[in-house]
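The values are calculated or read from the model by the stated rules, or taken from the named source; none is laboratory data. Note that the structure is a prediction, hence the values are computed from the model and not measured. As a convention, Cβ positions derive from the backbone with ideal geometry for all residues, glycine included, and neighbour counts pool all protein chains shown.
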Amino acid sequence: MARRRPKPAVSTTSRGERLALTSIVAFIGLPHIGHLPFWVSLATAALLAWNAVRLLLGRPTPPGLVRALLTAAGVGAVLMGFGRINGQTAGVALLMLMLALKLTETVRYRDVVVVLALCCFVLVTQFLFSQSLGMALYLVAGSWLVVAAFVHLHAGDDAPPRAAAAESARLLALAIPVAAALFVLFPRLPGPLWGLPANNDGTARTGLSGTMSPGSIADLARSDAVAFRVRFDGPAPPPAARYWRGPVLWNFDHGTWHTGPGVARTITPPRVDAQGRGVRTDITLAPSHKPWLIALDMPLTTATAHRRTAGGNWVAPHPIDQRVRYIARSALHYTVDAELAPAARRLALALPATGNPRARALAHRWANHDHDARAIVHSALDFFRQGRFRYTLNPPRTSRDNSVDDFLFTTRAGFCEHFAGAFTFLMRAAGVPARVVTGYQGAQRASIGDYWIVRDSDAHAWSEVWLAGAGWVRVDPTAAAAPKRIADGITAAVTDSGDLPYMAGGHDRDAWYHARMLWDAVDAGWNRWFLAYGPALQQRLFAALGIAGFGTAIAVLTGLVVGTLALVSLWLAWHMRAEREADPVVRAWRRIERRLARIGLARHTGETPVGYARRVAATRPALTRQITDLAARYARLRYAANIESAERREFIRRARRFHPRRTGETRAG
Amino acid sequence: MSPQPPPQNAAPDRAAIAGALDRARQAIGQRLYDKDHVVRLALACLLADGHLLIEDIPGVGKTTLAHGLADTLGLAFSRIQFVSDLLPSDILGVSVFDRNEAEFVFRPGPIFAELVLADEINRASPRTQSALLEAMAERQVTIEGVTHVLEAPFNVLATQNPADQNGTFALPDSQLDRFLMRIHLGYPTRMAERRLLAGGDTRAEAHNDRLSPVAGPNELIAWQQAAAATLVRDPLLDYLQALIAYSRRTGIFERGLSPRGGLALRRAAQAWALIDGRDHVLPEDVQAVLPAVVDHRLIRRERDTDQPSTHLLHSVDVG
């Protein structure tokens, strides 16, 4: 079959270039597989594969009707799947689908520009889902590809892939100082980015929830995700003092402890008298989507913008959706609330009207036997110590309304939430004010770098009782039942350590362990030096620079940016003027060259006007008449003698009318 | 720099000159098949009043080209076969005592001609070579204190056999600069070879049947003046200067182009434009003569397959 010569179409891309573009889109979209619903990834991948196969087989662009139907189907599917087409996940899903569809009709320069610009946007959207170091490196590679494609697109034959890649790397390197300046100075808004709805697709790490029911902390302990990393200013406190305070739970209801509504209204934050030197810690907290700012027990201060709860822990004004770094001071020896306010006492003794009769009876027995609260506490601890309790990640189920009775007298197996919950219940039943504190216990020293890691698997719950003269005192019933939990960590304590996550330990420290630790050190540096730089730190930096207030900061920065841009523009304009050809004939010819370069026909170094015209004519026959005439005229005007100004004007007029892209479209064939 | 001053007399009829040169090229083409570009270069070299070095193995038509040029331009031709015991006086001439006149009279050597073919100059001793090269440069010969001018037109066609190195003295690089151009004839094309094999010996034809001249020495002088008067405007001077500057700056050559090399390039380009009948030089003219003018003047520091001219062509932009 005789193949027809393809008609010369101006400013089109080659098949290889379109295949490369498809690969770039696939590369930069790849991480979204983990972020988007499966069907979106599948549809996008199918569209990309279809496009690649179509190009390989040399099939033409699918008809407009097919493309329109596919577009409508894509929008419809996103609307049905998400109920919306904007917002973080839905918007990105739509973006990926439309980008893949756009590729199927991408032939001309204009389309490629659109696709590459969208690619840049996709790169940014990756950061909405993950800001890890690995992702950052991946996206640098993606940016490099996209910029290389831009370079190739604009330089055509003058920048073959290899040269374009080198130029792209050079441009990215040049951009580093600008990126660094913007990183430090670009105003950071607290709260979710651009008012996008918070991540709600279940990909977030779960942290301490503010409620505690049987099994909830055991579930958390199965993850070795890093909850926070901490540096001690000075020596680390002894293992028995490594309690990290999180939300304090006051209310007990149907087997569940929770922070309780209105606690903050009825009880004022506690008075803390520190004894001895405090401990200063530098904490980088992973996003938890909860406002808790974890700190070593008992926290004295954290960054000023935060509020202290009635339980003595600190909370941020917003849920922590981005990594945050703060300095916290804590006291290891302290007295909290030497006097207990009546409202607090009421809350710390409150119990549901019914449920758990055997536990109540046991508590009453202790209370009748001993009027001293300290003795009651000891009785209870003895009960846990001698009761042959099993400390396990997989406790048997307990009933909802009699969970404490079931645990204390039937199953006798539980995780720290069972012990802390039951102990607090017993104390309240015996008339001793008590509350549950959730947080973390322990810390793992990083093998590289001077910091400690606290993981979800270190999640813990304990009790505090209020004793006259001593205030709130920490009592850890888990330590009584399973002493190894505090001394040797969770792995030595639980009976089923095989269910613990890998990094929680309990095995030889093999190469994999050390590799994970090495990566942790890199990741810690990344988090500490890059991600934790948020609005709070930025405002402190601005304050140090004498810029007070967010509004002032924005005004100053806007002024700086506008001023810099204006200066750069002026400088460029001045330089362009300096380089600008004095001769309007030469300027007209340069314009012709630029227009031809835009359709991939840049003049080569050392190519004469006439030789250039010959090559253009050979590649784009539709231009032959015009470009031959223009080049001959230009050569004459430039190199021959006695030129009349009419001839110069005629050339400039003709040059202005030279539009290679339009010519190719209207006169093709 | 301002353009060349226009010639004082009426401007030469460039179309007529181009026509005559075209006939000469065609006539030589009857003997030397499919070598029009080389023939044109050789003509340009003579029009630029320069000396030509032909570097090639024997038997590819060097002599044919020399004869063709001499015949068609109507020049007095002489040929010197260089051998190892050739003496300077064998080229330049000697003073002998004339008994009748009772004084020394000068017997001019073969160099006193309008077109001199110095065949296989690398076979002569350096001393003899330099006698020739001096005469070429000075356009005069001094023997026993008496200076004899070599009247214009005076151009030398030297040949050198690069393959034959035994007992020869290849011209030093510094001497190569004295030749305006160096060209290679190369093997004939397939078609030309066939024509050659079918048609018989060209040398016999050349001897028996001289080409009819299209001009004479006086015309050649006029044409040389016309070539020198070809307009070189500023943009082209910019290009020439850029080429020269680049050859010195780039660092890939042992030495850059000398001022003489730069002048050679301009003159050759002017002659090339004249062959086209044009009154001004285009960058194309420079590029056409560039290999013949610069390749023997520039030596690459490191071996490379690219000729120096190719490198210049692709590195220096046309202004």
When residues of the stretch B:297-319 are filtered for being in contact (Cβ under 8 Å) with a residue 24 or more places away in the chain and within 9 Å of another protein chain (Cβ to nearest Cβ), how many remain? 7
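Test of understanding: among B:LEU75, B:LEU86, which residue is within 18 Å of the chain's Cα centre (by Cα) and either crowded, with 17+ Cβ neighbours inside 10 Å or in a loop (DSSP other than H, G, I, E, B) (or both)?
Working: B:LEU86 fails: within 18 Å of the chain's Cα centre (by Cα).
Among B:LEU75, B:LEU86, only B:LEU75 is within 18 Å of the chain's Cα centre (by Cα) and either crowded, with 17+ Cβ neighbours inside 10 Å or in a loop (DSSP other than H, G, I, E, B) (or both).
Scan B:VAL286, B:VAL294 and give me the residue that is within 11 Å of another protein chain (Cβ to nearest Cβ) and closer than 23 Å to B:LEU43 by Cβ. Let's see the steps before the verdict.
Numbers: B:VAL294 fails: within 11 Å of another protein chain (Cβ to nearest Cβ).
When all the criteria are applied, what remains is B:VAL286.
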Hits in the stretch A:206-229 - residues which are crowded, with 23+ Cβ neighbours inside 10 Å, among the aliphatic types (A, V, I, L, M) and within 20 Å of the chain's Cα centre (by Cα): A:LEU208, A:ALA227
Of A:ALA310, A:ALA353, A:ALA359, which residue is closer than 30 Å to A:PHE407 by Cα and outside any loop (DSSP other than H, G, I, E, B)? A:ALA359
Among the residues of the stretch A:630-640, is any at positive phi, within 14 Å of chain B (Cβ to nearest Cβ), in a loop (DSSP other than H, G, I, E, B) and free of Cβ contacts under 8 Å to residues at least 40 places away in the same chain? no
Pairs needed: first member in the stretch B:15-27, among the hydrophobic types (A, V, I, L, M, F, W, C); second member anywhere, surrounded by fewer than 16 Cβ atoms within 10 Å (Cβ to Cβ); C-beta distance under 6 Å; at least 6 residues apart or different chains. B:ALA15/B:GLY277; B:ALA18/B:GLY277
Can you tell me which residue within the stretch B:218-238, out of those that are within 11 Å of chain A (Cβ to nearest Cβ) and not hydroxyl-bearing (Ser, Thr, Tyr), is farthest from B:ALA18 (Cα to Cα)? B:ASP238
Filtering the stretch B:239-273 for residues that are within 19 Å of B:ARG14 (Cα to Cα), within 14 Å of chain A (Cβ to nearest Cβ) and in contact (Cβ under 8 Å) with a residue 40 or more places away in the chain leaves a count of 3
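Matching residues to (1) within 30 Å of A:THR301 (Cβ to Cβ); (2) among the small types (Gly, Ala, Ser); (3) buried (at least 16 other Cβ atoms within 10 Å of the Cβ):
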| residue | (1), (2), (3) |
| --- | --- |
| A:VAL324 | yes, no, yes |
| A:LEU332 | yes, no, yes |
| A:THR354 | no, no, no |
| A:ALA361 | no, yes, no |
| A:ALA367 | no, yes, yes |
| A:ASP370 | no, no, no |
For A:LEU116, all conditions in the list (1) touching a Phe, Trp or Tyr at 6+ places or on another chain (Cβ under 9 Å); (2) at pLDDT below 85; (3) among the hydrophobic types (A, V, I, L, M, F, W, C) hold save one; what is the number of the exception? (2)
Subset of the stretch A:594-625 (residues that are under 50 Å from the mean Cα position of the chain (by Cα), within 12 Å of another protein chain (Cβ to nearest Cβ) and without any contact (Cβ under 8 Å) to a residue 12 or more places away in the chain): A:ARG603, A:THR605
